[in-house]
Amino acid sequence: MASRPVRIANVSGYLGDRYTAVDEAMAGDPVDVLMGDYLAEITLAALAAAAGRGGPGYVAYALDQLTPHLPEIARRGVRVVTNAGGFDPAGMAQELRDRIAAAGLSLRVAHVAGDGVFDRLADFHADGHGLEHLDTGAPLKDWGFAPITANAYLGGFGIAAALAAGADVVVTGRVTDASLTAGPAAWWQGWGPDDVDALAGAVTAGHVIECGAHATGGNFSGFRSVPGMLRPGFPIAEVAADGSSVITKHARDGGTVTVDTVTAQLLYEIQGPRYLNPDVTVHLDTVRLSQEGPDRVAIGPVTGSPPPPTAKVAVFAPSATRSPRCCSAPLPTSRARWSCCATSCARRWRATSTLWRSPRSVSRRSTRRPSGRRPSRSG
């Protein structure tokens, strides 16, 4: 068992998050693990469509974010865990190995497979599993569309096993967002599947940091009081041996970490007081938060129980529907929200345009031109 908490730094909360996130983390406070979350349901659908057109089934620009920092990652011994592998974690892992070899480094790359269950849908149906819709309860056979892919949400122990086997970088497909934190924490602290309370604490910490700057003010209704709100920093989780944690951020970056900002993210995208994950069921009504210091919020030990006997599966099919993109700005702060959003987007657009259009900027940040089109937010 490790003698200190593991420090896990988020470097992406969604496809299209700030491109400079890895730069910022490497220039920030010391950490043990870089964790990048790129997948949402709509992201998987977009990757499926891209793969069907002959494109990569993974998030290609994540490679460009990492490549300039591979020598320093190797020097520091920092581990990297990301779900940017999407539908092809093996393909992304091999591309990363090629870049590592080209740089003359010896970093070891592993990928986690097993989430793709499209070929097993008929077997599931024959075995009596209806794959009922989580909202309507209707079975998959009554959907009316022909699926093209299906992915189960895996837990964190595949990540933990890869790290324990000596991997420096672990690329996954569809794991739960919190598994990207729980897996490294289980490896670092030596937990097993029966350590449900510790796992519940790690999943809680992972849920808080999985969406990037949400935890540092980006998902907070009191955003006008957040310093550096136009460019909030990315969060860090320090996960201890008992699963308790401290949520913080890089000292040099904007944003803030308070009980309020952490609470706002804690309540984001949950089913209720029992938070179901592949490795553990988290009893969120046992979570206790306290302000430990400036930009440091402690999450006390959390109660867990065994995971559910089933897994969530995301199934995708072409349809005639469209997925609109909208940005809500509820009263009474809607005008201030729009102003903040517009200013932030304008600044980011200028910075991103410079990165993608200036050969000089690209050569400083990457050994290759970023792949594909400029990423857009997808969840």
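The values are calculated or read from the model by the stated rules, or taken from the named source; none is laboratory data. None of the values given here were measured: they were computed from a predicted structure. A quick note on method: Cβ atoms are made from the backbone with ideal geometry, for glycine too, and the neighbour counts reach across all protein chains shown. The area values use the complete protein model at the heavy-atom level, side chains included, leaving out ligands, DNA and RNA. Shrake-Rupley method; radii C 1.70, N 1.55, O 1.52, S 1.80 Å.
Close amide H partners of Thr281, meaning residues 5 or more places away or on another chain with modelled amide H under 5 Å apart, are Ser305. The phi-based Karplus calculation (6.51 cos²θ - 1.76 cosθ + 1.60; θ = phi - 60°) puts the 3J(HN,Hα) values of the range 206-216 at x, 5, 5, 9, 5, 9, x, 5, 3, 6, 9 Hz, whole numbers, x for Gly and Pro. Scaling the Cα radius of gyration of the range 208-254 by the globular reference 2.2 N^0.38 Å produces a ratio of 1.20.
Accessible area per residue for the chain is 46 Å², calculated with a 1.4 Å probe on protein heavy atoms, without ligands, DNA or RNA.
Would you work out what percent of the accessible area of the range 157-289, with all protein chains in place, is carbon or sulfur (probe 1.4 Å)? If you can, show how the numbers build up before the last one.
Numbers: 2200 of 4190 Å².
So the carbon and sulfur contribution to the accessible surface is 53 percent.
Beyond 18 Å, what share of the Cα-Cα pairs of the range 130-261 remains, rounded to the nearest whole percent? Of all Cα-Cα distances in the range 130-261, 63 percent exceed 18 Å. Surface calculation, 1.4 Å probe, protein heavy atoms: Asp194 sits at approximately 140 Å² accessible.
How big is D for the range 286-333, in µm² s⁻¹ as a whole number, if Stokes-Einstein is applied with the Kirkwood radius of its Cα pairs at 10 °C and 1.306 mPa s? The partial results should precede the final answer.
Working: Rh = 17.0 Å.
D, rounded to a whole number, is 94 µm²/s.
If a/c stays under 1.5 just call it rounded; otherwise compare a/b with b/c (prolate if a/b is bigger, oblate if not). Do that for the range 172-250, with a ≥ b ≥ c from the square roots of the Cα gyration tensor eigenvalues.
Verdict is prolate for the range 172-250.
Size descriptors for the range 57-151, from the alpha-carbon set: Rg then Dmax equal 18.8, 54 Å.
Considering only Cα atoms, the convex hull volume of the range 2-49 works out to 84 Å³ per residue.
The H on the amide N of Gly254, modeled in the peptide plane, is under 5 Å from the matching H of Gly233, each at least 5 residues off or on a different chain.
Measuring with a 1.4 angstrom probe and ignoring ligands and nucleic acids, Lys312 comes out at about 100 Å² accessible. Working from label points 7 Å from Cα in the Cα-to-Cβ sense, the Cys327 to Ala74 distance is 4.1 nm. Of the whole protein surface, His111 contributes about 80 Å² of accessible area at a 1.4 Å probe radius.
Report the semi-axes of the equivalent ellipsoid for the range 196-340 in whole Å, largest first, where each axis is √(5λ) for an eigenvalue λ of the Cα gyration tensor. Kindly include the intermediate steps, with their values, before the conclusion.
Working: eigenvalues 141, 117, 30 Å².
Equivalent ellipsoid of the range 196-340: 27, 24, 12 Å, largest first.
Taking amide H atoms as placed 1.01 Å from N in the peptide plane, the amide H of His111 lies under 5 Å from those of Val171, each 5 or more residues away in sequence or on another chain.
Show log10 I(q)/I(0) for the chain at q = 0.07, 0.12, 0.13 Å⁻¹, two decimals, from a solvent-free Debye sum over equal Cα scatterers. Normalising to I(0) and taking log10 leaves -0.30, -0.93, -1.11.
Translational diffusion coefficient of the range 91-198 at 10 °C, 1.306 mPa s, Stokes-Einstein with Kirkwood Rh over Cα pairs, in µm²/s as a whole number.
Numbers: Rh = 16.3 Å.
The diffusion coefficient I find is 97 µm²/s.
Derived scalar couplings between HN and Hα for the range 66-74 equal 7, 3, x, 9, 4, x, 6, 4, 5 Hz in order, rounded to whole Hz, by the Karplus curve 6.51 cos²θ - 1.76 cosθ + 1.60 (θ = phi - 60°), x for Gly and Pro.
Here the average projected area of the convex hull drawn through the C-alpha atoms of the range 1-137 stands at 11.6 nm².
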